[in-house]
Amino acid sequence: MSMIFLGDACRMGHGIKKDAELAMSCYQMAVLQGESFGYECMAQIYLSYGYDADHIKEAYANLSKAEAMNGGLSPMGCYMMGNLYYLGLLGEKDYNKAAEYFESIDDPGDDFYWKARYRRGQIFFLRR
């Protein structure tokens with residue numbers, strides 16, 4: 001987990017100059033140490049670059065690896081994956097798939113819970 005924290009510091013510039021490449025290296029080392037959350041953090045970086053096809057492909061690949069490695073995603077990973085389907089960034093918009101990921105976030109104490117609930121509300125109104 002320490003490599004995740006170091007990667008976060010590099011990504012956000014906390015106590016060190018912002019450096020996305022160094023953050024990616026830290027997250028990759030975390031994955032090599034068995035920490036699937038490293039894949040989710042790499043996906044977050046790819047999505048922060050914008051929604052071009054290459055970045056979306058890399059983000060999706062990393063989220064899929066995290067899901068396979070861990071048997072599921074963290075709330076952050078579920079929210080990112082849900083958004084990929086909600087926004088149609090993987091092809092056509094798939095509100096059913098998006099809702100599955102958003103609904104899997106079940107801890108009201110997590111910020112992503114409330115973000116996911118907001119998205120589920122949007123899906124409800126879009127389906128009407």
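The values are calculated or read from the model by the stated rules, or taken from the named source; none is laboratory data. Being a predicted model, the structure only gives us computed values, none of them experimental. Methodologically, a virtual Cβ is constructed for each residue, glycine included, from the backbone with ideal geometry; neighbour enumeration extends over all protein chains shown.
None of PHE112, PHE125 is free of Cβ contacts under 8 Å to residues at least 12 places away in the same chain and aromatic (Phe, Trp, Tyr) except PHE125. Does LYS97 satisfy being in contact with a Ser or Thr (Cβ under 8 Å, 6 or more places away or on another chain), among the charged types (D, E, K, R) and either without any contact (Cβ under 8 Å) to a residue 60 or more places away in the chain or not assigned by TED's automatic domain parsing to the domain that holds ASP19 (or both)? No, not satisfied. Restricting PHE5, PHE112 to residues that are within 23 Å of LEU126 (Cβ to Cβ) and either among the acidic types (Asp, Glu) or at pLDDT 95 or above (or both) narrows the list to PHE112. Identify all residues within region 26-76 that are assigned to a loop (DSSP other than H, G, I, E, B) and either acidic (Asp, Glu) or more than 10 Å from the chain's Cα centre (by Cα) (or both); write none if there are none. Result: GLN33, GLY34, GLU35, SER36, TYR49, GLY50, TYR51, ASP52, GLY71, GLY72.
Among the residues making up region 77-102, those that are in a loop (DSSP other than H, G, I, E, B) and either among the small types (Gly, Ala, Ser) or more than 15 Å from ARG119 (Cα to Cα) (or both) are GLY88, LEU89, LEU90, GLY91, GLU92. The set of residues from region 31-66 being of a type in the set (Gly, Ala, Ser) and surrounded by fewer than 18 Cβ atoms within 10 Å (Cβ to Cβ) comprises GLY34, SER48, GLY50, ALA53, ALA61, SER64. When TYR113, TYR79, TYR39, TYR86 are checked against the criterion of being aromatic (Phe, Trp, Tyr) and assigned by TED's automatic domain parsing to the domain that holds MET1, a single residue qualifies: TYR39.
Please go through region 90-113 and pick out each residue that is more than 26 Å from GLU58 (Cα to Cα) and within 17 Å of the chain's Cα centre (by Cα). Can you show your working first?
From region 90-113, those more than 26 Å from GLU58 (Cα to Cα) are 106-109; that's our starting set.
Within region 90-113, ASP106, ASP107 meet the criteria.
Scanning region 9-25 for residues being touching a residue at least 24 places away in the same chain (Cβ under 8 Å) and buried (at least 17 other Cβ atoms within 10 Å of the Cβ) gives a total of 1. When restricted to residues that are closer than 23 Å to ASP8 by Cα and in contact with a helix residue (DSSP H, G or I) (Cβ under 7 Å, 6 or more places away or on another chain), region 73-128 contains 18. Taking the stated definitions as given, is GLN28 touching a Gly at 6+ places or on another chain (Cβ under 7 Å), over 30 Å from LEU126 (Cβ atoms), surrounded by fewer than 20 Cβ atoms within 10 Å (Cβ to Cβ) and polar (S, T, N, Q)? Here the answer is yes, as GLN28 does meet what is asked.
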